[in-house]
Amino acid sequence: MPHYSEEEIRNYLLAVETPPPERADWHTWTTWNLRRFRRTLELVPPAESGDRCLEIGSIPYTFALLMKRFHQYSLAHVDFFAGGERQFRKIIRLPALGETHEFASELYDVEREDLPFPDESFAGVLCCEVLEHLTTDPVAMLAEIHRVLRPNGWLVLTTPNSACLRNVVDLLHGRNIYRPYALAFGPTWRHNREYTAAEVRELLLGCGFEVEHLSVEDIAPNLEHRPFGHRALHWLLRLRYRLNYGEQIFVRARRRGQFCWHYPSWLFHHTEFYVSVRRPYVRVGENDAIQLGKGWLERESSDGVLVRRIG
């Protein structure tokens, strides 16, 4: 696995032109996320000639900049559609380095709409810090990711660990771990549903992906300076339960075989409401596998006639 320097990442991102009132916040946010950026870059396989990568949840294009800097993929971007225009554009300048980058995102609701790309059109998909923001149907997003990935294509997914030590400590102290509402930013701004590492693995496996790498890691800077009690509790919990209470889940998965519409009971109630036609027509053997919310089973013979039952 390649190694990337956090110092190089930091210096590159801090070269981004930002208005003076925002510089302090940009510096703080960049420093806080350095480890996440580095680990995500390390999970992205090297690009071969002509490889394309789709990034879901690109805005404000911080990681897109790093992908351009450290990888050789041709990038496409999708971000959340909240009404109005269907495309968003942004120009990012790094004056000290003499660089100017223009990014454009197609705006779609990834839980309710098909992505605007042909089947098997990407070598890889980045889905970083998106899963926890979804409100109704993460399986629909995974179905579209699977569709646009070519066979053996990779998915790099990151999401906060709901069982991180910070949440455990907050609950033990009677503090709420959920984020406040924010009317100004809409329902997808907050973390609507965080996951444990076991849940992420089970969801991906159930939907037909092969999990190639999964780790749970702390990403906050200056971990060694945390209070002794915090570090001691972390050690004791890991010793007792053999679990990692890190803050961030990192996954690399591969598209293997056919997608499965997997709606586990630990994540969904009233799954009958998820059975809905996603396309205006059905051709058996052509587009039926990804047609209905709960999926269609493999074709089988009944009195010499091939039939497919709804699962």
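The values are calculated or read from the model by the stated rules, or taken from the named source; none is laboratory data. Keep in mind the model is a prediction, meaning the values are calculated, not measured. Counting neighbours? That spans all protein chains shown, and the Cβs are built from the backbone with ideal geometry, glycine included.
Quick one: D119 ticks every box in (1) farther than 25 Å from H213 by Cα; (2) surrounded by fewer than 15 Cβ atoms within 10 Å (Cβ to Cβ); (3) in contact with a strand residue (DSSP E or B) (Cβ under 9 Å, 6 or more places away or on another chain) except a single one, so which number is it?
Result: D119 passes all but (1).
Restricting to the stretch 1-44, give me the number of residues that are in contact with a Ser or Thr (Cβ under 7 Å, 6 or more places away or on another chain) and over 27 Å from G153 (Cα atoms). Can you show your working first?
Going residue by residue through the stretch 1-44, those that are in contact with a Ser or Thr (Cβ under 7 Å, 6 or more places away or on another chain) are 10, 13-14, 26, 36, 40.
Those still in the list that are over 27 Å from G153 (Cα atoms) too: 10, 13-14, 26.
Residues that pass the stated criteria total 4.
Every residue in the stretch 118-165 that is in a loop (DSSP other than H, G, I, E, B), among the acidic types (D, E) and touching a residue at least 60 places away in the same chain (Cβ under 8 Å), please.
Of everything in the stretch 118-165, those that are in a loop (DSSP other than H, G, I, E, B), among the acidic types (D, E) and touching a residue at least 60 places away in the same chain (Cβ under 8 Å) turn out to be E129, D137.
Please go through (1) in a loop (DSSP other than H, G, I, E, B); (2) over 25 Å from T62 (Cβ atoms); (3) in contact (Cβ under 8 Å) with a residue 12 or more places away in the chain; (4) among the hydrophobic types (A, V, I, L, M, F, W, C) for L115 and return the number of the only condition it doesn't satisfy.
Condition (2) is where L115 drops out.
Might you check whether a residue that is crowded, with 17+ Cβ neighbours inside 10 Å, in a strand (DSSP E or B) and either at pLDDT 90 or above or of a type in the set (S, T, Y) (or both) occurs anywhere in the stretch 187-208?
yes
With the checklist (1) among the aliphatic types (A, V, I, L, M); (2) out of contact with any His (no Cβ under 6 Å at 6 or more places or on another chain); (3) assigned to a strand (DSSP E or B) in hand, flag the one item I92 doesn't pass.
(2)
Filtering the stretch 51-93 down to residues that are among the small types (G, A, S) and crowded, with 17+ Cβ neighbours inside 10 Å, which residue is nearest to the chain's Cα centre (by Cα)?
Among residues in the stretch 51-93 that are among the small types (G, A, S) and crowded, with 17+ Cβ neighbours inside 10 Å, the one nearest to the chain's Cα centre (by Cα) is G57.
Looking at E42, E55, E8, E48, can you tell me which residue is of a type in the set (D, E), in a helix (DSSP H, G or I) and under 29 Å from E144 (Cα atoms)? Full working, then the answer.
Numbers: E55 fails: in a helix (DSSP H, G or I); E8 fails: under 29 Å from E144 (Cα atoms); E48 fails: in a helix (DSSP H, G or I).
The conditions single out E42.
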